[in-house]
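Beneath this line is the structure, given in structure tokens, with notes to follow.
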Amino acid sequence: MSGRRPTRTYDETDARVRPGRGTRPRSKIRPAHDDAVPAVVIAVDRGRYTCLAGPDGQAVTAMRARELGRKAVVVGDRVGIVGDVSGDEGSLGRIVRVDGRTTVLRRTADDDDPVERVIVANAEQMVIVTAVAEPQPRPRLVDRCLVAAFDAGMEPLLCVTKTDLADPSALLATYAPLGVPALVTGLGQDLGPLRERLTSRWSVLVGHSGVGKSTLVNALVPGADRAIGRVNVVTGRGRHTSASAVALRLPDGGWVIDTPGIRSFGLAHVDPRHLVHAFTDLDVVTADCPRGCTHGATEPECALDDAVAAGRLDRARVDSFRRLLTSRERQAGD
């Protein structure tokens, strides 16, 4: 008999399958982070978030946790932070939760851009800053800011600056039919009325470059030291001086959020048909409009026209509302 070993018969029990990469099931359970410290975001700079955390408002630097995915974290957000919340130099916490937002201010690059950008969260009031001269006012941009404010559920306030250089009456008359509250400021003028409107509230200041937004912030918040730009005498346009939004505490209570100067305000995210809901008196009347009515000036059977003809609505107010509708369809710089 030879020394060869007998041949073995194999079956399925002998097969060993090596698991491939990624075959291990991942848990969908995420930490609850019940110990997360509540905070509010006051500044964003290159992936680092300055937050005021806890009951004492300790300034903490944090980064966004991976579990938030692509969810944006912006100035004004109420968040939850874990990790090092001491605020010591070199410390870094993690933002693990973004609480529900009461308001969201958005804009797109232009009216054809489907990507919307969240600018500020949880602001109660939008202060639209425009100069009466140097640079010249841009009513269509103001109109677009108003549309964004109404869409976000924020109260608008028109602030006209540099009234020591020109008469603001015509500009103010443009927005009077809309019922938008307005304040005027100029060199050496008292800011008391504006301070009163800002106290105890979260307000976001918007406007194109050179209108005096940073000058206002520096006057309202001592020590803010926001950079002030100059207006180009050839183009009439201002220079961007603020790179990102930042929230600043007012001495008498409340916060102002200073935003970079804007040259356009895309409204691709706004449905014009919903704009009328911001005007209670007009909204009630449009209940009698035919289905699909956009409430624009070219609509043949719009109930707004019937109400004007019957004397139940003011023609100037309806025209002003329709101007806002039209602004949704135009570029701000037109």
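Does any residue in the range 281-302 that is part of a helix (DSSP H, G or I) come within less than 6 Å, Cβ to Cβ, of a residue that is of a type outside the set (Asp, Glu) and loosely packed, with under 14 Cβ neighbours inside 10 Å six or more places away or on a different chain, and which pairs are these?
Asp283/His277
Please identify the pairs in which a residue from the range 312-329 that is without any contact (Cβ under 8 Å) to a residue 60 or more places away in the chain has its Cβ atom under 6 Å from the Cβ atom of a residue that is surrounded by 19 or more Cβ atoms within 10 Å (Cβ to Cβ) and assigned to a helix (DSSP H, G or I), counting only partners at least 6 apart or on another chain.
Pairs that qualify, where the first residue is without any contact (Cβ under 8 Å) to a residue 60 or more places away in the chain and the partner is surrounded by 19 or more Cβ atoms within 10 Å (Cβ to Cβ) and assigned to a helix (DSSP H, G or I), are Leu313/Ala307; Val318/Leu304.
Quick check, is Ala43 modelled with pLDDT of 65 or more and either in contact with a Leu (Cβ under 7 Å, 6 or more places away or on another chain) or not in a strand (DSSP E or B) (or both)?
Values: modelled with pLDDT of 65 or more: yes; either in contact with a Leu (Cβ under 7 Å, 6 or more places away or on another chain) or not in a strand (DSSP E or B) (or both): no.
Criteria not met by Ala43.
Which of the residues belonging to the range 46-63 are assigned to a strand (DSSP E or B) and under 17 Å from Ile119 (Cα atoms)? Outline the logic, then answer.
Our first condition is that a residue be assigned to a strand (DSSP E or B); within the range 46-63, this holds for 48-53, 58-63.
Within the range 46-63, Arg48, Tyr49, Thr50, Cys51 qualify.
Considering only residues that are at pLDDT 85 or above and buried (at least 16 other Cβ atoms within 10 Å of the Cβ), which ones fall in the range 240-265?
Pass one, the range 240-265, residues at pLDDT 85 or above: 245-259.
Once the filter is applied, which keeps residues that are at pLDDT 85 or above and buried (at least 16 other Cβ atoms within 10 Å of the Cβ), the range 240-265 yields Ala245, Val246, Ala247, Leu248, Leu250, Gly254, Trp255, Val256, Ile257, Asp258, Thr259.
Restricting to the range 66-98, what's the tally of residues that are of a type in the set (D, E, K, R) and in a loop (DSSP other than H, G, I, E, B)? Walk me through how you get there before you give the answer.
Initially, the range 66-98 is screened for residues of a type in the set (D, E, K, R), giving 66-67, 70-71, 77-78, 84, 88-89, 94, 97.
Restricting the remaining residues to those that are in a loop (DSSP other than H, G, I, E, B) gives 70-71, 77, 84, 88-89.
Number satisfying all stated conditions: 6.
The values are calculated or read from the model by the stated rules, or taken from the named source; none is laboratory data. Source: prediction; values computed, not measured. When we count neighbours, we look across all protein chains shown, and the Cβ atoms used for this are built from the backbone with ideal geometry, even at glycine.
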